[in-house]
1. Please work out which residue is modelled with the highest pLDDT, limiting yourself to region 114-137 and to residues that are assigned to a loop (DSSP other than H, G, I, E, B) and touching a helix residue (DSSP H, G or I) at 6+ places or on another chain (Cβ under 7 Å).
2. Those residues that are in contact with a Gly (Cβ under 9 Å, 6 or more places away or on another chain) and open to solvent by 20 Å² or more (accessible area, probe 1.4 Å), I need them from region 58-70; list them, please.
3. Considering region 210-225 alone, what residues qualify as being touching a residue at least 12 places away in the same chain (Cβ under 8 Å) and either open to solvent by 10 Å² or more (accessible area, probe 1.4 Å) or away from the ligand (no atom under 14 Å from the Cβ) (or both)?
4. Determine whether region 160-172 contains at least one residue that is open to solvent by less than 10 Å² (accessible area, probe 1.4 Å), among the small types (Gly, Ala, Ser), in contact (Cβ under 8 Å) with a residue 12 or more places away in the chain and within 16 Å of the ligand (Cβ to nearest atom).
5. Let me spell it out: the conditions are (1) under 28 Å from Asp26 (Cα atoms); (2) at pLDDT below 95, and Arg254 meets all of them except one. Which number is the exception?
6. Considering Ile108, Ile121, Ile104, which residue is closer than 24 Å to Lys51 by Cβ and open to solvent by less than 60 Å² (accessible area, probe 1.4 Å)?
7. What number of residues within region 59-113 are assigned to a helix (DSSP H, G or I) and of a type in the set (A, V, I, L, M)?
8. Name the residue, out of Arg181, Arg192, that is charged (D, E, K, R) and either within 16 Å of the ligand (Cβ to nearest atom) or free of Cβ contacts under 8 Å to residues at least 40 places away in the same chain (or both).
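The values are calculated or read from the model by the stated rules, or taken from the named source; none is laboratory data. Keep in mind that this is a model prediction, so the values were computed, not measured. Cβ: placed from backbone, ideal geometry, glycine included. Neighbour counts: every protein chain shown. Ligands, DNA and RNA are excluded from the accessible area calculation, which covers all protein heavy atoms including side chains. Shrake-Rupley method; radii C 1.70, N 1.55, O 1.52, S 1.80 Å.
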Amino acid sequence: MMSGSSEGRFTLIQGPEMDTNRAFRDDVRSGLLARSKRMSCRFLYDDRGSKLFEEICTQPEYYPTRVEASILERVAPKIVSTIDAPPHLIELGSGSAEKTRFLIEALIERHGSLVFEPIDISRAALEESAAGLLEQFPGLIVRAIAAEYITGLELLAQEAGSSESPRLVAWLGSSIGNFERRDAVTFLGALRQSLLPADRILLGIDLRKDAAVLNAAYDDAAGTTGRFIKNLLVRINRELGGNFDLECFRYQARYDEEQGAVEMSLICERPCQVMIPELGLDIHFTAGESIHMEDSYKYSATEIEALARDAGFLVQECWEDDRHYFREVLLEPQPEPGS
Ligand code: TRP
C-alpha cells in the first residue's frame, strides 16, 4: 500500500483484539433496556463513522476543527520548543491527523526527524493518514496502533522508560468533552499514571460559549451530524440484524448552559417497534421518546484548571484563538502527593 519512499517507515500494530462485538452487544442491550434509553458514542466510530466524522469537520458550522487547526498552525513551533529533548509524538484518536501535521512539521523542523505513534480505533483511518504523512515528511517514522484509548494507555505505560525520548501526547479535537466531567478527571488521571515526569500532554479543549454557536455546530444544516449519529442505528441493523427505520428518528442537539454540555439525541417521531433478533430484543418506542446518544462538554478557564489539578497535572501553558472559542493546554504531570 505504501509507495516506494515510505517503505520501512511504517508499521501498524493491531492492538489486542478487544471483543468489540461483545462490548457493542452489551452496550446496545443495556442502553435500550434502560428506563431512559441511551447509547454509547464509543461505537460511533466504525470505518463509515470515521468517514462521516471527517465530513462533520468540514461543515461551515462546525468550528472546532478549523479553529484548533488555526491555533496549532500559529503556535506549533512554540509548543514544541517547550520540550528540550526530541520527543516521540503520540496521538490519541488521531483520525485523519489533519491538525497533527502542524506539530509534526514543527518537530521535524526542530529535530530533523520524528517518531509518530498514532492510536486510533479505525485501521483504515490510520493507513490512509500515514500514507499522506510519510509522503510529505521524509524524516518521519510512523508506528500506528489500531486500538481503543484504554489499550493505547497500556501501551504507553509499557513503553515508558524504554527509550530516552520524552513523549508528547496529543489529545485533540475536544474529545475529552465527550466524557462526563468526573470521567474526564478519571481518564486523565489514568493517563498520568502512564507518563514519566518529562512527558507532556497537549490537550485541545472546546470552551464554553454562546448557545447559538454551539447548537449550530452540533446540528449542521447539511445534516451531517445527524447522519453520523444515526450511523449507530445502521450499525445495529447491519451487525445485530435490527430493523430500525431511520425515518422514524429525528436528530436533536441542545446546549444546556448550566451543564455546559451539548446533548445529542434521537427523538422518535411516531410510535414504533424495533426488533433486534441477535439480542432477542423487541423494543417499543413511544412518540416523542428520546435515545440519548452523546454529550459534548464545554469548559471554562476555571474548569480547565480544576480538571488538570484533580487529574494530577499542572497547566504549563495555554494558547487560544482571538474569539476564545478553543484552547490548547500543555499539561505537566505532577508527582503523586507524598512521593
Ligand atoms: N469531540 C468532538 C466534539 O464533541 C466530537 C464530535 C463532534 C461529535 N460532533 C459530534 C461526537 C457529534 C458525537 C456526535 O465536538
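1. Just the residues of region 114-137 that are assigned to a loop (DSSP other than H, G, I, E, B), to begin with: 121-122, 137.
Narrowing the set further to residues that are touching a helix residue (DSSP H, G or I) at 6+ places or on another chain (Cβ under 7 Å) leaves 122, 137.
On the way: Ser122: 84, Phe137: 96.
The residue in question is Phe137.
2. Residues of region 58-70 that are in contact with a Gly (Cβ under 9 Å, 6 or more places away or on another chain), as a first pass: 64-65, 68.
The one that is in contact with a Gly (Cβ under 9 Å, 6 or more places away or on another chain) and open to solvent by 20 Å² or more (accessible area, probe 1.4 Å): Thr65.
3. Narrowing region 210-225 to residues touching a residue at least 12 places away in the same chain (Cβ under 8 Å): 211, 213-225.
Listed by number, the residues that qualify are Ala211, Val213, Asn215, Ala216, Tyr218, Asp219, Ala221, Ala222, Gly223.
4. Yes, the conditions are met somewhere in region 160-172.
5. (2)
6. On the way: Ile108 fails: closer than 24 Å to Lys51 by Cβ; Ile121 fails: open to solvent by less than 60 Å² (accessible area, probe 1.4 Å).
Matching residue, one of Ile108, Ile121, Ile104: Ile104.
7. At the first step, the residues of region 59-113 found to be assigned to a helix (DSSP H, G or I) are 63-81, 100-111.
Adding the requirement that they be of a type in the set (A, V, I, L, M) leaves 67, 69, 71-72, 75-76, 79-80, 103-104, 106-108.
Residues in region 59-113 being assigned to a helix (DSSP H, G or I) and of a type in the set (A, V, I, L, M): 13 in total.
8. Numbers: Arg192 fails: either within 16 Å of the ligand (Cβ to nearest atom) or free of Cβ contacts under 8 Å to residues at least 40 places away in the same chain (or both).
None of the others qualify; the one that does is Arg181.
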